[in-house]
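Colleague: Attaching a single structure in structure tokens format; questions to follow.
The values are calculated or read from the model by the stated rules, or taken from the named source; none is laboratory data. Note that the coordinates shown come from a computational prediction; the quantities given were computed from them, not determined experimentally. For neighbour counting, all protein chains shown are included, and Cβ atoms are generated from backbone atoms with ideal geometry for every residue, glycine included. Just the protein is used for accessible areas: all its heavy atoms, side chains included, with ligands, DNA and RNA removed. Shrake-Rupley method; radii C 1.70, N 1.55, O 1.52, S 1.80 Å.
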Number of protein chains: 2
Amino acid sequence: MTSSHSFTAASPVYTYQRIVEQIEHAILSGDFPVGSQLPSERDLMGQFGVSRPTVREALRVLQSMGLLEPRPGTRGGPVVLAPSPDTLGRSFRTMLGTASLDLAELLQYRIILDGSASELAAIRHTDAELALMREAVERMRESAEADAPDFADADLAFHERVWEASGNQILALSGHAVWGALRDLLQRDAERSPGDNSVKLESVRIDTGLFEAIERRDAAEAGRIARTALADRFSSMLSESDQRALEQFLGRAQ
Amino acid sequence: MTSSHSFTAASPVYTYQRIVEQIEHAILSGDFPVGSQLPSERDLMGQFGVSRPTVREALRVLQSMGLLEPRPGTRGGPVVLAPSPDTLGRSFRTMLGTASLDLAELLQYRIILDGSASELAAIRHTDAELALMREAVERMRESAEADAPDFADADLAFHERVWEASGNQILALSGHAVWGALRDLLQRDAERSPGDNSVKLESVRIDTGLFEAIERRDAAEAGRIARTALADRFSSMLSESDQRALEQFLGRAQ
DNA sequence: TGCACCAAGTGGCCTTACCATCTATCCTGT
DNA sequence: ACAGGATAGATGGTAAGGCCACTTGGTGCA
């Protein structure tokens, strides 16, 4: 009879990878708090019993994970960095960049994120966050009325404030990444009409409504506005079947 | 008078970093599709005009981002990988480990993703996807009743099928990443009672209800089940204020 | 006391080299 | 003619040694 034992994959273990794991574990377990220094490359090369290129490869990987930063000079050595959400955002971006994404998927994902973020922002925003959002809407209005070229920046700024007011930085980071991917996709596909002022003014009108819903803590309405705004703005670029699926997801059909 | 020109920081540019950027851009812009090969290290060393350790450091970084995989042998060379949730999940875990992310945020994010994925799966699942989900639920039930150790795998398999049935691969990738991070966190924090069969049976009961809601295309109910299941299962690990915010977000309070 | 200088150590990069492994090809045996 | 194994070449993994620019900390001079 065959044994029920299942074998695990026998992938080779590279020495640089084991160094990464050891140092990573040492940092995450608190042996090297933020701001502390690791031994220099030449010391590590002795401690691990490997050559310098090998420890350098390991340090590069840890560096790209945002855990370390090199520091030259006497009494130098790699220093442990404070955790930054940047790497998480970069992971989102590379994942979105390599995935062969179609517009429908990306739009759908952004509708999910923005809708939820708007609901959360309505529920748990603080006065300071509300003030920042109000200021951003005002800047959007000014930019649209002056037909200034920085409207896209002002638009993004407002949505960033909403993401932040959601109190969930994963939402903020992924929202930013998806926003960038969507922008890249559209920029590549079609040359937008940048001078069309009515579109800008319509955006201002919608975002003002979103802001007011958030202000009066009407989560359901805030989420609804955010979702339908995105759907209305982009649905014309989708195929007919994707449009129908989107409508159904938003609960308008049926 | 002083000029109004503002200078930008003059940070040093490392050559290995420029290689990373060039290769990353080439991959993300589609010049090297998934599965294609880059020139070998020795070739790249010639093309970039640098030494082999330097191109190796660059390749290591790209490798740790999940973009590449080395491939030895004649006609070898670094291979471009398909996007994987692994690196995103690792970023989540790193941020959790360094305490710049808390459990509440991650749970909230997973509730948003799983809820939306379940709604979408209810709307647009195909017969084949439904069969796969039914099969996965069945495997969960068998594993729970036999008290087998592979229950966690069966549980994950069911949720993977739901993510896939949502028709949105971004949802599937990020769902997978968050799931992995959450699992690691719990595994580390507390030694769960693996023999507690009632918990498994309860999970089976809930997921069966979710499956049936998806089967009858009841999107609202499917979303509700997915969200409340996650909240009920994990909320006891949250602080009291986070629990209240979660309840409010789910629309039960008020 | 202040400041310029200097020496030591650090990371950044290079050169050369060897090894295990994998792939493609060829060559042999059938 | 074909199947299969041996072989040769290229690849990535790792090592050793060395040079350079720069940062740092102390030292000695004004």
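Rundown of residues vs (1) open to solvent by less than 10 Å² (accessible area, probe 1.4 Å); (2) modelled with pLDDT under 95, yes/no style:
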{"position": "A:Ala117", "(1), (2)": "yes, no"}
{"position": "A:Ile123", "(1), (2)": "no, yes"}
{"position": "A:Asp127", "(1), (2)": "no, no"}
{"position": "A:Ala148", "(1), (2)": "no, yes"}
{"position": "A:Phe151", "(1), (2)": "no, yes"}
{"position": "A:Arg183", "(1), (2)": "no, yes"}
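Colleague: Further question on the same structure: Confirm whether A:Leu107 is of a type in the set (A, V, I, L, M), over 20 Å from A:Ala219 (Cβ atoms) and open to solvent by less than 20 Å² (accessible area, probe 1.4 Å).
Modeller: Against the criterion (of a type in the set (A, V, I, L, M), over 20 Å from A:Ala219 (Cβ atoms) and open to solvent by less than 20 Å² (accessible area, probe 1.4 Å)), A:Leu107 qualifies.
Colleague: For A:Ala82, which of the numbered conditions (1) facing another protein chain (nearest Cβ under 10 Å); (2) within 18 Å of B:Gln63 (Cβ to Cβ) fails to hold?
Modeller: (2)
Colleague: So if I check each of A:Leu101, A:Leu38, A:Leu81, A:Leu88, which one is surrounded by 12 or more Cβ atoms within 10 Å (Cβ to Cβ) and at pLDDT 95 or above?
Modeller: A:Leu38
Colleague: For residues that are assigned to a loop (DSSP other than H, G, I, E, B) and under 23 Å from the mean Cα position of the chain (by Cα), tally how many sit in region A:121-157.
Modeller: Number of matching residues: 3.
Colleague: Can you tell which of B:Val61, B:Val34, B:Val50 is within 28 Å of A:Ala82 (Cα to Cα) and aliphatic (A, V, I, L, M)?
Modeller: None of the other options fit; the residue is B:Val61.
Colleague: Let me ask you something else. Looking at (1) modelled with pLDDT of 95 or more; (2) more than 16 Å from DNA strand D (Cβ to nearest atom); (3) outside the structural domain of A:Glu221 (by TED's automatic domain parsing), which is the only condition A:Gly66 fails?
Modeller: (1)
Colleague: I'm told B:Arg205 meets every condition in (1) closer than 29 Å to A:Ala220 by Cβ; (2) modelled with pLDDT of 95 or more except one. Can you identify the failing condition by its number?
Modeller: Here B:Arg205 clears every test but (1).
Colleague: What pairs come out if I take residues in region A:205-223 that are in contact (Cβ under 8 Å) with a residue 24 or more places away in the chain and pair them with residues that are open to solvent by less than 20 Å² (accessible area, probe 1.4 Å) and among the aromatic types (Phe, Trp, Tyr) whose C-beta lies under 7 Å away, six or more apart or interchain?
Modeller: Going by the 7 Å Cβ cut-off, the qualifying pairs are A:Asp207/A:Phe158.
Colleague: Condition first: open to solvent by less than 40 Å² (accessible area, probe 1.4 Å), of a type in the set (D, E, K, R) and either touching a Ser or Thr at 6+ places or on another chain (Cβ under 7 Å) or more than 12 Å from chain B (Cβ to nearest Cβ) (or both). Can you find one or more residues in region A:206-226 that meet it?
Modeller: Scanning region A:206-226 turns up at least one residue that is open to solvent by less than 40 Å² (accessible area, probe 1.4 Å), of a type in the set (D, E, K, R) and either touching a Ser or Thr at 6+ places or on another chain (Cβ under 7 Å) or more than 12 Å from chain B (Cβ to nearest Cβ) (or both).
Colleague: Does B:Gly46 fit the bill of being more than 10 Å from every other protein chain (Cβ to nearest Cβ), open to solvent by less than 30 Å² (accessible area, probe 1.4 Å) and within 12 Å of DNA strand D (Cβ to nearest atom)?
Modeller: no
Colleague: Report the residue count in region A:47-79 for those that are closer than 17 Å to A:His25 by Cβ and within 12 Å of DNA strand C (Cβ to nearest atom).
Modeller: So the answer is 7.
Colleague: Examine region A:116-130 for a residue that is more than 9 Å from chain B (Cβ to nearest Cβ), within 29 Å of A:Gln248 (Cβ to Cβ) and of a type in the set (S, T, N, Q), and state whether such a residue exists.
Modeller: yes
Colleague: Would you mind finding the one in A:Arg56, A:Arg75 that is at pLDDT below 95, outside the structural domain of A:Asn168 (by TED's automatic domain parsing) and within 16 Å of DNA strand D (Cβ to nearest atom)?
Modeller: A:Arg75
Colleague: Also: Restricting the search to region A:57-71, which residues are open to solvent by 20 Å² or more (accessible area, probe 1.4 Å) and either more than 10 Å from every other protein chain (Cβ to nearest Cβ) or under 14 Å from A:Tyr14 (Cβ atoms) (or both)?
Modeller: A:Arg60, A:Glu69, A:Arg71
Colleague: When only residues in region A:12-25 that are open to solvent by 20 Å² or more (accessible area, probe 1.4 Å) and more than 10 Å from every other protein chain (Cβ to nearest Cβ) count, which is nearest to DNA strand C (Cβ to nearest atom)?
Modeller: Of everything passing the filter in region A:12-25, A:Pro12 is nearest to DNA strand C (Cβ to nearest atom).
Colleague: Checking B:Arg217 against (1) in contact with a helix residue (DSSP H, G or I) (Cβ under 7 Å, 6 or more places away or on another chain); (2) within 14 Å of B:Leu107 (Cα to Cα), only one condition comes out false. Which one?
Modeller: Only one criterion in (1) in contact with a helix residue (DSSP H, G or I) (Cβ under 7 Å, 6 or more places away or on another chain); (2) within 14 Å of B:Leu107 (Cα to Cα) is unmet by B:Arg217, namely (2).
Colleague: Please enumerate the residues belonging to region A:36-78 that are without any contact (Cβ under 8 Å) to a residue 40 or more places away in the chain, of a type in the set (D, E, K, R) and closer than 20 Å to B:Val61 by Cα.
Modeller: A:Glu41, A:Arg52, A:Arg56, A:Arg60, A:Glu69, A:Arg71
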